[in-house]
1. Filter the stretch 92-107 down to the residues that are in a helix (DSSP H, G or I) and not polar (S, T, N, Q) and list them by number.
2. Name, by its number, the condition in (1) out of contact with any Cys (no Cβ under 7 Å at 6 or more places or on another chain); (2) in contact (Cβ under 8 Å) with a residue 12 or more places away in the chain; (3) more than 30 Å from Phe322 (Cα to Cα) that does not hold for Lys54.
3. Are there strands (runs of 3 or more DSSP E) fully within the stretch 242-356 with at least 2 residues that are within 16 Å of the ligand (Cβ to nearest atom)? List them.
4. Return the residue satisfying two criteria in turn: it lies in the stretch 259-280 and is hydrophobic (A, V, I, L, M, F, W, C) and closer than 20 Å to Gln325 by Cβ, and of such residues it is surrounded by the fewest Cβ atoms within 10 Å (Cβ to Cβ).
5. For the stretch 156-174, how many residues are modelled with pLDDT of 95 or more, open to solvent by less than 60 Å² (accessible area, probe 1.4 Å) and not aliphatic (A, V, I, L, M)?
6. Given the residues Glu201, Glu196, which is the only one that is within 16 Å of the ligand (Cβ to nearest atom) and surrounded by fewer than 12 Cβ atoms within 10 Å (Cβ to Cβ)?
7. Has the stretch 169-184 got any residue that is closer than 22 Å to Gln325 by Cβ, within 12 Å of the ligand (Cβ to nearest atom) and under 28 Å from the mean Cα position of the chain (by Cα)?
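The values are calculated or read from the model by the stated rules, or taken from the named source; none is laboratory data. These numbers were taken from a predicted model, which means no experiment stands behind them. Cβ: placed from backbone, ideal geometry, glycine included. Neighbour counts: every protein chain shown. Accessible surface is based on the protein model in full, side chains and every heavy atom, while ligands, DNA and RNA are left aside. Shrake-Rupley method; radii C 1.70, N 1.55, O 1.52, S 1.80 Å.
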Amino acid sequence: MGDSGDSCKGTVVLAYSGGLDTSCILVWLKQQNYDVVGFLANVGQDCDFVDAEKKALLLGAKKMYVVDCRNEFVTNHIWPGVQASAKYENRYLLGTALARPCIARNMVEIAKKENAQFISHGATGKGNDQIRFELGCYALLPGVKILAPWRLPEFYLRFKGRKDLIEYAEQNQIPLSRSKSKLWSIDDNLMHISYESGMLENPATEAESDMWQMTAAAEKAPDTPVKLAITFDKGVPTKVVNVTENIVKTDPLELYMYLNKVGGAHGVGRIDIVENRFIGMKSRGCYETPAGTILWEAHDDIEIFTMDKELLKIKQGLAVQFSHQVYNGMWYSPECEFTRFCIDKSQENVKGTVYLKLYKGSVYVLGRESPISLYNEELVSMDVQGDYDPIDAGGFIKCNALRLQEHSRIKRKHKD
Ligand code: ARG
């Protein structure tokens, strides 16, 4: 398989998943006379990593790296997402988009170590992921060359569909896993599972009920709710307590995985949306993000409790910017470094505990407390006067009314 004969074109680090596409790409790259080093990031996806490693070596990879990136993914990528409460187009919690820069960073480390000139991946030519991978790699390893087979005519004209890939696999002794024909495309990691394409392409068709893997259907979720207490410091979750069963988690990864488990069991975090891809087309996607949904909700609650009103307005604007930067693969851009820095700064006083209940697919906030909240019970009370003079409110309203009166005066004038 291509080791001898023509001279080697160089070393390529391939993002290898163990699946059909990247297995064919691995063999194909070898046939094009590249030395292939496999790289597989563990970001919490459902994968037999030992099996994938063996398979890559069997197919002729010179080396295969499996790197556990889960802690880094949680603390360096998901936590900034929580601090921002970042939602792309108001709904998507960015589970795939947040993982890509983490994968790209670790992949670049391997490329540097192996002195590789090329980086390759199996992302399609229509999606966001090619952009995110490649922008990450270009940013961290300027001058690197990208081999994206799904954008090379000599590859995509030869492999027009799954059938061609399977045929090629059979001809090249690539072991086929028993996965059933693909009904939709999946991207999973510890933050979420996303589903798109295939049967989901018609946006009017309801997703099949057995597609969902991380969350129970709301109607099948337990009849008794579970109560949680989530503690934040600087906008980041530091402790989760299942108050009902007295379970405590403080390690970031464990805490996150635990929330996935309880959230999933109670059917929290399913959405079905249409979104705008960076590349210009709209796409329909289904997502399950149990822990994310709980944390985003809890964070919003403790944030508003502890943050100044005008600061919050600026921060919310930054969060919208941040969501676009992340979605568009701009994690390593100057503007995203800036938004992350500012959002992190905004979170200095975001500290306290939120009490919640999960029940049949919903997250209900039950209460909150904080040692440094800006909520002043005395000031807001209907029963106590506090440090506030009601007479002042009259002037405050009149000053605000000035503008409104001027506005209506001009409107009346235009009518005449
Ligand atoms: N649309 C999502 C995003 O751009 C998910 C993309 C990957 N999902 C997939 N099922 N292949 O972040």
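1. Gly95, Ala97, Leu98, Ala99, Arg100, Pro101, Cys102, Ile103, Ala104, Arg105, Met107
2. Of (1) out of contact with any Cys (no Cβ under 7 Å at 6 or more places or on another chain); (2) in contact (Cβ under 8 Å) with a residue 12 or more places away in the chain; (3) more than 30 Å from Phe322 (Cα to Cα), only one is false for Lys54: (2).
3. Details: elements: 247-249, 270-276, 282-288.
Strands (runs of 3 or more DSSP E) meeting the threshold: 270-276, 282-288.
4. The qualifying residue surrounded by the fewest Cβ atoms within 10 Å (Cβ to Cβ) is Ile279.
5. Count: 4.
6. That would be Glu201, the only listed residue that is within 16 Å of the ligand (Cβ to nearest atom) and surrounded by fewer than 12 Cβ atoms within 10 Å (Cβ to Cβ).
7. no
For every residue, the table says whether it meets (1) open to solvent by 50 Å² or more (accessible area, probe 1.4 Å); (2) not in a strand (DSSP E or B).
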{"residue": "Cys8", "(1), (2)": "yes, yes"}
{"residue": "Thr11", "(1), (2)": "no, no"}
{"residue": "Leu14", "(1), (2)": "no, no"}
{"residue": "Leu40", "(1), (2)": "no, no"}
{"residue": "Tyr65", "(1), (2)": "no, no"}
{"residue": "Thr75", "(1), (2)": "yes, yes"}
{"residue": "Pro80", "(1), (2)": "no, yes"}
{"residue": "Asn90", "(1), (2)": "yes, yes"}
